[in-house]
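Presented below is the structure to which this report refers.
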Amino acid sequence: MGRLDGRVAIVTGGAGTIGSAYGRGFAGEGASVVVADLGNTDRMVDELTEAGHQAIGVEVDVADQASTEAMARTVLDAFGRIDILVNNAAFFKTVTRGPFEEITVDEWDTTMAVNVRGPWLCARAVLPAMKKQGSGRIINISSNVVWKGVPGFLHYTTSKSALVGFTRAMAREVGDYGITVNNVAPDFIPDDFLREHQPGNEEVVNAQRAIKRTSVPEDMVGAVLFLASDEADFITGQAILVNGGAFMY
Ligand SMILES: NC(=O)c1ccc[n+]([C@@H]2O[C@H](COP(=O)([O-])OP(=O)(O)OC[C@H]3O[C@@H](n4cnc5c(N)ncnc54)[C@H](O)[C@@H]3O)[C@@H](O)[C@H]2O)c1
């Protein structure tokens, strides 16, 4: 028996480094998993289905309204319900770093489109199903940069900061339908790409923590599964920082 038997969980950015860990976590608790990403969903779907879990891949651009609505329809056709949405997709790794006066307007707009409009459009798309069910869980993935105020990253930091207010306001709008909305903030979780492009950052961040080690994708899974479970049904509008005590909030 899993904590999420019979539930259906959409993970946007589900083919990515941390999104894959959420997918494995949901599957392990008995949920059917929707790996929703721009592409490359086959690897995760194959991994989950070969292990005996229910999973489908959906190609979606979270910044595009029609695409998010099509995603919700595909999920409902496949599973008949939508219980959990993890807004995890983001324009993140390839963001240009540097002084804010050098960020191009195009890159600013792309960041907001994917990281802010995306979660809004995905929440809109799943809301009718969650309302009908009288239950739902929306989990927005922000970042510790919101609390740290990391320089050289203003567009990304601003977009992730937006999710804090977004979470709180949305939680108040949907509480009467049995839907909770929460925010989970990872700290720096390096993969090969981030190690190559941000050399030395891993050591700097690890030293700032009460628990001085590298954060791995699996560190995030417990908080997300908890918020998705019945155990968290009186928790809404909140932020959980999963950061080994780098910043305390
Ligand atoms: N890794 C970290 O250090 C870290 C730290 C704090 C917060 N985060 C946040 O955690 C989340 C996952 O990060 P990650 O490290 O796994 O990154 P990642 O780049 O591996 O995964 C992001 C996924 O989102 C997908 N994606 C991007 N744009 C999309 C779009 N328009 N529509 C649909 N999918 C899209 C990508 O294809 C990718 O698979 C992100 O929200 C990121 O901002 C990561």
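Take the conditions crowded, with 23+ Cβ neighbours inside 10 Å, within 26 Å of residue 128 (Cβ to Cβ) and hydrophobic (A, V, I, L, M, F, W, C) and apply them to residue 45. Does it pass? So residue 45 does not fit the description; no. Considering only the stretch 18-60, state which residues are free of Cβ contacts under 8 Å to residues at least 12 places away in the same chain and either within 20 Å of residue 226 (Cα to Cα) or of a type in the set (Val, Ile, Thr) (or both). Across the stretch 18-60, the qualifying residue is only 49.
Scanning the stretch 1-35 for residues that are within 10 Å of the ligand (Cβ to nearest atom), of a type in the set (Gly, Ala, Ser) and either more than 24 Å from residue 94 (Cβ to Cβ) or part of a helix (DSSP H, G or I) (or both) turns up 19, 20, 21.
The set of residues in the stretch 217-249 being touching a residue at least 40 places away in the same chain (Cβ under 8 Å) and within 18 Å of residue 191 (Cα to Cα) consists of 217, 218, 220, 221, 242, 243, 244. Can you tell me how many residues in the stretch 149-208 are among the hydrophobic types (A, V, I, L, M, F, W, C), over 22 Å from residue 246 (Cβ atoms) and out of contact with any Phe, Trp or Tyr (no Cβ under 8 Å at 6 or more places or on another chain)? Qualifying residue count for the region: 6. For residue 77, the criteria (1) of a type outside the set (Val, Ile, Thr); (2) part of a helix (DSSP H, G or I); (3) within 15 Å of the ligand (Cβ to nearest atom) hold in every case but one, which is (3).
Restricting 181, 174, 205 to those that are within 23 Å of residue 93 (Cα to Cα) and aliphatic (A, V, I, L, M) reduces the list to 205. Within the stretch 36-66, being under 18 Å from the mean Cα position of the chain (by Cα) and either within 8 Å of the ligand (Cβ to nearest atom) or among the charged types (D, E, K, R) (or both) holds for 36, 37, 38, 39, 40, 59, 60, 61, 62, 63, 64.
Scan the stretch 83-96 for residues that are part of a loop (DSSP other than H, G, I, E, B) and within 13 Å of the ligand (Cβ to nearest atom) and the total you get is 8. One residue stands out in the stretch 48-74 among those that are assigned to a strand (DSSP E or B) and in contact with a Ser or Thr (Cβ under 6 Å, 6 or more places away or on another chain): the one that is surrounded by the most Cβ atoms within 10 Å (Cβ to Cβ), namely 55.
Checking the stretch 99-106 against the condition returns no match, with no residue being of a type in the set (S, T, N, Q), surrounded by 19 or more Cβ atoms within 10 Å (Cβ to Cβ) and in a loop (DSSP other than H, G, I, E, B).
Close Cβ contacts (under 8 Å, 6 or more residues apart or on different chains) running from residues in the stretch 61-89 that are within 28 Å of residue 189 (Cβ to Cβ) to residues that are more than 16 Å from the ligand (Cβ to nearest atom) and at pLDDT below 95 are absent. Would you call residue 245 at positive phi, surrounded by fewer than 17 Cβ atoms within 10 Å (Cβ to Cβ), modelled with pLDDT of 95 or more and more than 20 Å from the chain's Cα centre (by Cα)? Answer is yes for this residue. Among the residues of the stretch 166-222, which ones are in a loop (DSSP other than H, G, I, E, B), surrounded by 12 or more Cβ atoms within 10 Å (Cβ to Cβ) and away from the ligand (no atom under 14 Å from the Cβ)? 178, 212, listed by residue number.
The values are calculated or read from the model by the stated rules, or taken from the named source; none is laboratory data. All values reported here derive from a predicted model rather than from experimental measurement. Neighbour counts run over all protein chains shown; Cβ positions are idealised from the backbone, glycine included.
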